[in-house]
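Each remark here refers to the structure printed beneath this line.
The values are calculated or read from the model by the stated rules, or taken from the named source; none is laboratory data. Not measured: the values here are computed from a predicted model. Note that each Cβ is placed from the backbone with ideal geometry, even for glycine, and that neighbours are counted across all protein chains shown.
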Amino acid sequence: MDKVILIKYGELSTKKGNRNFFINTLYKNISRKLVNYEVNIHKDRARMYIEFLDKDLDSIISIIDKVFGIHTYNIANIVESDDSKIQECLLEVISKEKFNTFKIDVKRSDKSFPIHSQDYNRVLASLLLKNINNISVDVHNPDLLIKVEIREGETFIYYKSYQGSGGYPVGTQPKGLLMLSGGIDSPVSGYLALKRGVVLDCVYFEAIPHTSIEARNKVISLCKKLVLYCDKINLHIVNFTPIQEEIYKNCREDYVITIMRRMMYRISERLSHKYNCHVIVNGESIGQVASQTLTSMEVINSVTNMPVIRPLACFDKLEIMDIARKIDTYDISIIPYEDCCTVFVPRHPVINPRIDRCICEEEKFDYNTLIEKAVEDVNTIVIDDSEDSEFSDIL
């Protein structure tokens with residue numbers, strides 16, 4: 001018996017003139033992810049179909065579960081659009097399931113099929129009631145909702161619906177630059193940006209020897225989790241040590257985090273222009289730490305004209321942690337290797353910084369030259385989802 005993975009678009013179906021662009025992007029993303037499998041992928045404006053080998057089903061499902069743009073999918077049995085063959089197939093597949101109540105939902109797009117949909121609902125329901133013990137029909141809340149789609153030449157029979165990742169296919173929006181640390185929040189923010197179709201580059205600020213190689217390895221591991229949801233990620237590693245040391249040497253202690261974040265935004269803006277990124281993405285959540293009060297955000301954000309997306313702005317920490325566990329980044333993020341945002345946290349960081357005070361503090365050292373050097377010397381690695389990716393050349 002032939003089977004197919006039947007993909008339903010969900011939110012993509014709300015698109016009008018550019019629906020084909022979204023569907024074609026989804027098709028390309030799925031095709032790239034399944035390049036090592038023997039599959040045939042077909043699409044139309046309503047559905048996408050993946051023909052597969054039975055031995056690969058579990059592996060393919062684990063992949064498409066992480067492809068954005070899929071609302072739901074089903075494993076559908078395919079049979080010739082012939083009454084006797086439909087009944088034979090339906091009875092064979094449904095008799096293997098355990099359930100108490102069911103409902104049949106027939107859709108007859110092939111009007112040459114001789115039995116109308118409502119009449120065929122009753123025919124197929126009677127078939128199951130006669131051949132399977134202790135079951136009954138429940139049209140409102142059935143244990144098993146059985147879909148029968150009769151098309152010209154072939155009929156799909158399916159009954160279990162699996163939830164996809166939703167959102168838009170990655171690549172339906174241009175590139176953004178994710179400020180990725182080793183913490184819990186920024187990987188989740190990256191995941192949510194990918195879910196809206198944004199292609200991601202990442203920037204990581206390290207301050208060796210104040211931060212360790214292990215902290216960098218954490219970030220690489222986090223990228224490898226995020227890349228499961230896209231094609232590849234360019235990770236730009238910035239040597240932040242000279243800038244951070246100048247800040248701590250010259251600036252008042254309560255302002256060092258604010259000044260440091262302003263420098264990171266300046267560097268991120270320049271990297272965005274350099275690598276054709278249209279937006280900066282970060283993991284800030286309102287009020288979570290001193291640099292994420294609304295006043296701090298305003299003062300820090302003032303150094304860039306780039307749009308800044310904060311997907312987690314209105315999430316609380318427990319919600320963020322739940323998503324981190326869902327996408328398997330949480331256990332990596334809590335490994336105790338500090339990044340440059342946490343290694344020198346002052347005892348009493350300013351909560352409501354002033355822009356004029358920041359400008360005065362920044363005038364104490366030549367940050368423009370340091371920033372130019374940091375951007376010039378950025379170290380970029382490409383991370384994809386291949387299992388044998390190695391980064392020993394930069395470690």
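Please identify the pairs in which a residue from segment 170-186 that is on the phi > 0 side of the Ramachandran plot has its Cβ atom under 7 Å from the Cβ atom of a residue that is among the small types (Gly, Ala, Ser), counting only partners at least 6 apart or on another chain.
From residues that are on the phi > 0 side of the Ramachandran plot, the pairs are Gly171/Gly197.
So which helices (runs of 4 or more DSSP H) are wholly in segment 43-145 and hold at least 1 residues that are more than 21 Å from Ile23 (Cβ to Cβ) and in contact (Cβ under 8 Å) with a residue 60 or more places away in the chain?
83-94
Does Ile327 meet the test of being in contact (Cβ under 8 Å) with a residue 40 or more places away in the chain, of a type in the set (A, V, I, L, M, F, W, C) and within 23 Å of Thr258 (Cα to Cα)?
Considered against the rule, which asks whether it is in contact (Cβ under 8 Å) with a residue 40 or more places away in the chain, of a type in the set (A, V, I, L, M, F, W, C) and within 23 Å of Thr258 (Cα to Cα), Ile327 comes out as no.
Residue by residue through segment 67-107, note down the ones that are of a type in the set (D, E, K, R), farther than 19 Å from Val4 by Cβ and in contact with a strand residue (DSSP E or B) (Cβ under 6 Å, 6 or more places away or on another chain).
Correct list: Lys103 only.
Determine, yes or no, whether Val188 is among the β-branched types (Val, Ile, Thr), part of a helix (DSSP H, G or I) and under 30 Å from Ser272 (Cα atoms).
Here the answer is yes, as Val188 does meet what is asked.
Can you tell me how many residues in segment 237-259 are crowded, with 22+ Cβ neighbours inside 10 Å and not in a helix (DSSP H, G or I)?
2
Taking Asp185 and the conditions (1) of a type in the set (Asp, Glu); (2) surrounded by fewer than 23 Cβ atoms within 10 Å (Cβ to Cβ); (3) modelled with pLDDT of 95 or more, which numbered condition does it fall short on, given that it satisfies the others?
Single failed check for Asp185: (2).
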